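Every number in this text was worked out from the coordinates using simple rules, so none of it is lab data. Model, not experiment: these values are computed from the prediction. For neighbour counting, all protein chains shown are included, and Cβ atoms are generated from backbone atoms with ideal geometry for every residue, glycine included.
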Amino acid sequence: MKEKMNEITVLQYQIKRYQALGKGTMCQTLNAKLQKLIKEKAAA
């Protein structure tokens, strides 16, 4: 559980960094991964 929380935090940080750089495609990819992790966490 703690591992997933850490991964979620890392993804949120990466998304912010890519947004700052103007990399929209990478943001979309990371957001998809983030949403998947959040759903898995909610189901657990």
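Values as computed for the structure displayed
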| quantity | calculated |
| --- | --- |
| Some residue of segment 11-20 being within 12 Å of the chain's Cα centre (by Cα) and β-branched (Val, Ile, Thr) | yes |
| Test: Glu3 is out of contact with any Ser or Thr (no Cβ under 8 Å at 6 or more places or on another chain), in a helix (DSSP H, G or I) and surrounded by 11 or more Cβ atoms within 10 Å (Cβ to Cβ) | no |
| When residues of segment 8-25 are limited to those that are among the β-branched types (Val, Ile, Thr) and exposed (fewer than 12 other Cβ atoms within 10 Å of the Cβ), the one farthest from Lys39 (Cα to Cα) | Thr25 |
| Filtered residue count, segment 14-44, keeping only those that are of a type outside the set (D, E, K, R) and over 19 Å from Met1 (Cβ atoms) | 16 |
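Per-residue answers, yes or no, for (1) part of a helix (DSSP H, G or I); (2) without any contact (Cβ under 8 Å) to a residue 12 or more places away in the chain; (3) in contact with a Cys (Cβ under 8 Å, 6 or more places away or on another chain):
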{"residue": "Glu7", "(1), (2), (3)": "yes, no, no"}
{"residue": "Val10", "(1), (2), (3)": "yes, yes, no"}
{"residue": "Lys16", "(1), (2), (3)": "yes, yes, no"}
{"residue": "Gln19", "(1), (2), (3)": "yes, yes, yes"}
{"residue": "Cys27", "(1), (2), (3)": "yes, no, no"}
{"residue": "Asn31", "(1), (2), (3)": "yes, no, no"}
{"residue": "Gln35", "(1), (2), (3)": "yes, yes, no"}
{"residue": "Lys41", "(1), (2), (3)": "yes, no, no"}
